[in-house]
Structures are given as C-alpha cells and as structure tokens.
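Report on the structure given below.
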C-alpha cells in the first residue's frame, strides 16, 4: 500500500479535568494594573472577596501608558490603592446607602435575591438568601476590615519618624478621601460619623483601630509644621518647598473644622486641650454650631424641648461641647489678660531703667 493510501492517524482530544485546569497556573496578579483588570471583570462575590483579601500584597508596578513629560511609565501609588478601598468600604455599616434600585421603587420587590447557602441547626435546615444590597455590604465590610488591618492599624501614626506616615496618610490627594469617608452625617438616626457605629461602646475591633487613627490624625493636624527652607538651597528647590508648604497648609486648615466635628462626636476633646489657645475662628465657629444644635427642656415646660438659644443654655442642657467652648473662651481671655499685664510690667521696667539712666547723666 502506498503512503498516499494510508489512513490519517486519528486524533484524540483529551479533556482536561476541571480540577486540573483550575490549578494549571497559580500566581498572584503581576501588578496593581492587572489587579484592577481582574476587579473590573469579576462578577461573583467570591471572586471580589478573594481579590480584596490579597490586594495589599500585590506589587504596585506601573501604568501601561507612557508619560511623555516624565519620560517614564507612570507608577501606581499606594494612595490609588487606598482610594479604591475607601470607595468600596463606604457604607459598610449602612445597607440603605448600598441600595442601587431606582428612587421611588419598592426596594425589596425590585432587588434581586441570591441563594448563598444553608443555615443548619439540630432542628431544621433552611436556605439562606441575600439581596444585592446585602451582597454589597458583605463586600464593603471586607474592604473596611482590610483597611483596618493594612492602614488604620499598621500605618496609624501620621507623624511617624520615618516620614512615611506623612507622605502616605495625609497626602493632599488622600486627605479629601479620608474626610469624605468619615464625614459628619445627619439622618433619621441622628447626627454621627459616617462609617462608624453610633456609640463608642458598640465599636468593633476594627472600628477601634479607625478611631485611634483619627485621634492621631488630629494630633498631626495641630502639630504639623512647615518644612524648613535653608538659605543655601537653590531657588528651584526653595520654590518647590514653598508651594508644597502652602498646599499642605491650605489642606490642613480646611480639615480642622471637620476634625473638630469628629472629635465632638467621639467625645475626645482631650486631644485639643494642648491647642486651646491655637484654635482658629473656623474651629471655634464649628464648636459653637455643634453646641447650639442640642435641645433643652425649659423649667416651665419640662416635657417640651426646643433648640438652645445660646452657649450658656447649652451648658445648662449639659452639652460637653458647650462646656469645652466656655473653657476655650475662659483660657483665651485669661491668657490675653495675663499677657497684657506682662507687657505692661515690661514697659514699666524699661521706663524705670531709662529714667535711672537719664538721672545718672546729671
């Protein structure tokens, strides 16, 4: 039989078992750019939870686009990664804010529900189902837990000696993100801090790390000093430092009234005690606004409450913010009075010395 008449060999395709295919290639994302691509493509809760769990161990790497001005591929930054996590975690303890159904729709009828497992006990077994909002809340809680473990806890000292805390935590780019995440809210449940529980005794372990971070951030705000500029530095470097100082100063000054509101809600005025004489007008105005937001029951109508009309009434109503504001006023008044006495005594001493010198010239 000729070679041309020989039958072609039969080709057998072998299907790779699912478990073998699953473990064919096991590697982490190459960099933050690939991680973002995987995050955009992910659809299931398990995929997204897995990505969040390992995100802080992913090398940052660089963008694919070439930066012609810098003559390099722009690197991803730790700030970009943190912005992503703050965005996902926002609303982790407020499921209503995670509902994306159209306004006016009947929420529970419009939202999809998913089977997510079983609840088992010795007496019965029943299905567990979650709405889309509840699924998003699971995701948001995971993102918040990762922030607590990788940001609030381990990098919770903005004034760290290595300077990394200042560069990362209170960078101008990240500051608005932090302020928005812990913004003061006023809703059906009252006035509070977004993404924190209503009462300190209800704080979770992670929330305690977040509160500790906020207190250290407050100390940084009032303790920050501009970077010194040496006379021997070149003009370009001097201009650069001046610009950076001015930008950071503007960022810090605009953040102080927000922080005053946060400290008021946390009841942590002791952080401000060393800086009572340095509190600027916007901070004092914010304290007064908070003090005047409380209510009082008048002696004539003990069961009817109304908003207080003065800081004194707020003190009478038991507002700790009002009492702290009174203390600020008292310390400032007495400080100015004692400084005036010291200046007058200095003038008197200088006058007496000059009079003595003039008398001795006779």
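Values computed for the structure shown
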| item | result |
| --- | --- |
| Where residue 294 falls short, out of the listed (1) at pLDDT 90 or above; (2) under 26 Å from residue 196 (Cα atoms); (3) surrounded by 13 or more Cβ atoms within 10 Å (Cβ to Cβ) | (1) |
| Members of region 127-140 found to be over 15 Å from the mean Cα position of the chain (by Cα) and in a helix (DSSP H, G or I), listed by number | 132, 133, 134, 135, 136, 137, 138, 139 |
| Selection count, region 157-179, where residues are part of a helix (DSSP H, G or I) and modelled with pLDDT of 80 or more | 5 |
| Qualifying positions in region 45-75 - in contact (Cβ under 8 Å) with a residue 12 or more places away in the chain, outside any loop (DSSP other than H, G, I, E, B) and closer than 13 Å to residue 29 by Cβ | 51, 52, 53, 54, 55, 56, 57 |
| Of all residues making up region 180-225, the number that are assigned to a helix (DSSP H, G or I), free of Cβ contacts under 8 Å to residues at least 24 places away in the same chain and farther than 25 Å from residue 84 by Cβ | 2 |
| Boolean, residue 78 is surrounded by 15 or more Cβ atoms within 10 Å (Cβ to Cβ), farther than 19 Å from residue 140 by Cβ, touching a strand residue (DSSP E or B) at 6+ places or on another chain (Cβ under 6 Å) and in contact (Cβ under 8 Å) with a residue 24 or more places away in the chain | no |
| Positions within region 175-190 being in contact with a helix residue (DSSP H, G or I) (Cβ under 8 Å, 6 or more places away or on another chain) and either over 24 Å from residue 253 (Cβ atoms) or crowded, with 16+ Cβ neighbours inside 10 Å (or both), in sequence order | 175, 177, 178, 179, 181, 182, 184 |
| Sole residue being touching a helix residue (DSSP H, G or I) at 6+ places or on another chain (Cβ under 6 Å) and under 22 Å from residue 333 (Cβ atoms), chosen from 290, 252, 296, 229 | 290 |
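The values are calculated or read from the model by the stated rules, or taken from the named source; none is laboratory data. Just so it is clear, the structure is predicted and the values come from calculations on it, not from any experiment. Note that each Cβ is placed from the backbone with ideal geometry, even for glycine, and that neighbours are counted across all protein chains shown.
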